[in-house]
Each structure stands twice: as structure tokens, then as C-alpha cells.
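Peer 1: Input: one structure, supplied below.
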Amino acid sequence: MTAMLTELKTRARLRLNAARRGGEAGELRLRDCLNGVACEVGFAHWEHARKVLGGEAGAGEDMGTFWHAPRTGILLNLWFARYEEARVALQADAQAFLLPYRRQFFLVQDHFVRELGADPGDAVWDAMGHDLVRGYGGAAWEVLAMQRLKAARSSFEPC
């Protein structure tokens, strides 16, 4: 299990335990809390988060909104429906970063990456060629995904 999934499971257990201590658990189950924490970081439900963060999602599958932040809407980014087109654009801009969004792809600059809670100067970006899609599931991707997961809750789109 990846460290990211362990982190989400820990958050879910803490939420459930807090609800139980506060007498607010009622019918609340761990499964509900897992779905809740998955939603808070950009996934439809726990199984979606488990698959994507576990490195098991296939090409073209929904990657959720994990790599997007609500306060980035004012930034100009290039959006693509096809990965191949996004790759060509990335090759033309060595300073850009290619990120997945649901079943789409977009190119961003370093200020966007910082808004996600990740470090655009981290050497792991170079290891992936600034391409989170190409590096998906690898060690460098996991480092960046953990940086993202530990970002402020306000940097994630609300459920």
C-alpha cells in the first residue's frame, strides 16, 4: 500500500474516532469516512482514490481533480483532450508542467505547482520530464503526490 493510501486511511480513522468520541457517529462507518476523505482530495469515492493513488489507473481513466486547485482558475493554462497533444506542447515549453485532470490534460507554470503544495524546483520533476502522466505510479510521482496530499485542505476543490 502506498504511503498516500495509508495517509487517507489514517484521516478516515481519525474522523470516525472523533465522531464516536463526540457521540456523533450514529450510523457512520469507516467506509463512509474513507469516501469522505477521498472526496476531499479530488476523487469520486474511496475506490477511485485507491486505484489512482495506488498507481493502478490505466491510460485514459479518470484521474480525478487531485492535481487541480480552486484558486488556480484565474491562471492561464493550456488544456488538451489528448495526451499526445499535451506532450507536444510540453516539449515546446521546457518551463511547463503537464498534469492530468479527470480524463484531460493541462500545462501549467511553476506558480500553479506551488498553489498545489508541491515544489516546482524539486528534482523529481526533472526525473519525469515535468510530466505527471508519463511518470504516473513511479517513485518520483509518489513524492509529488504526497506533497500534494499534504497541502492545505483549501487547495483542494470542495466535494
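Peer 1: Any residue in segment 86-97 that is part of a helix (DSSP H, G or I) and touching a Ser or Thr at 6+ places or on another chain (Cβ under 7 Å)?
Peer 2: No, because not a single residue in segment 86-97 is part of a helix (DSSP H, G or I) and touching a Ser or Thr at 6+ places or on another chain (Cβ under 7 Å).
Peer 1: Among the residues of segment 57-68, are any of a type in the set (Asp, Glu) and under 17 Å from residue 137 (Cβ atoms)?
Peer 2: Yes, there is a match, as at least one residue in segment 57-68 is of a type in the set (Asp, Glu) and under 17 Å from residue 137 (Cβ atoms).
Peer 1: Here is a further query. Can you find, within segment 14-30, the residue that is nearest to residue 150 (Cα to Cα) among those that are in contact with a helix residue (DSSP H, G or I) (Cβ under 7 Å, 6 or more places away or on another chain) and at pLDDT 90 or above?
Peer 2: Restricting to residues being in contact with a helix residue (DSSP H, G or I) (Cβ under 7 Å, 6 or more places away or on another chain) and at pLDDT 90 or above, the top hit is 15.
Peer 1: How many of the residues making up segment 34-74 are free of Cβ contacts under 8 Å to residues at least 40 places away in the same chain, open to solvent by less than 50 Å² (accessible area, probe 1.4 Å) and part of a loop (DSSP other than H, G, I, E, B)?
Peer 2: 3
Peer 1: Please determine, by comparing only the residues of segment 115-126 that are modelled with pLDDT of 95 or more, open to solvent by 40 Å² or more (accessible area, probe 1.4 Å) and not in a loop (DSSP other than H, G, I, E, B), which one is farthest from residue 78 (Cα to Cα).
Peer 2: That would be 123.
Peer 1: So in segment 75-110, with the set limited to residues that are touching a residue at least 40 places away in the same chain (Cβ under 8 Å) and of a type in the set (Lys, Arg), which one is surrounded by the fewest Cβ atoms within 10 Å (Cβ to Cβ)?
Peer 2: Per the stated criteria, the residue is 103.
Peer 1: Go through segment 36-47 and give me each residue that's within 21 Å of residue 101 (Cβ to Cβ) and not β-branched (Val, Ile, Thr).
Peer 2: 38, 39, 40, 42, 43, 44, 45, 46, 47, listed by residue number.
The values are calculated or read from the model by the stated rules, or taken from the named source; none is laboratory data. Quantities reported herein were computed from a predicted structural model and do not represent experimental measurements. All Cβ positions, even for glycine, are placed from backbone atoms using ideal geometry, and neighbour counts span all protein chains on display. What goes into the accessible areas is simple: the full protein's heavy atoms, side chains included, and nothing from ligands, DNA or RNA. Shrake-Rupley method; radii C 1.70, N 1.55, O 1.52, S 1.80 Å.
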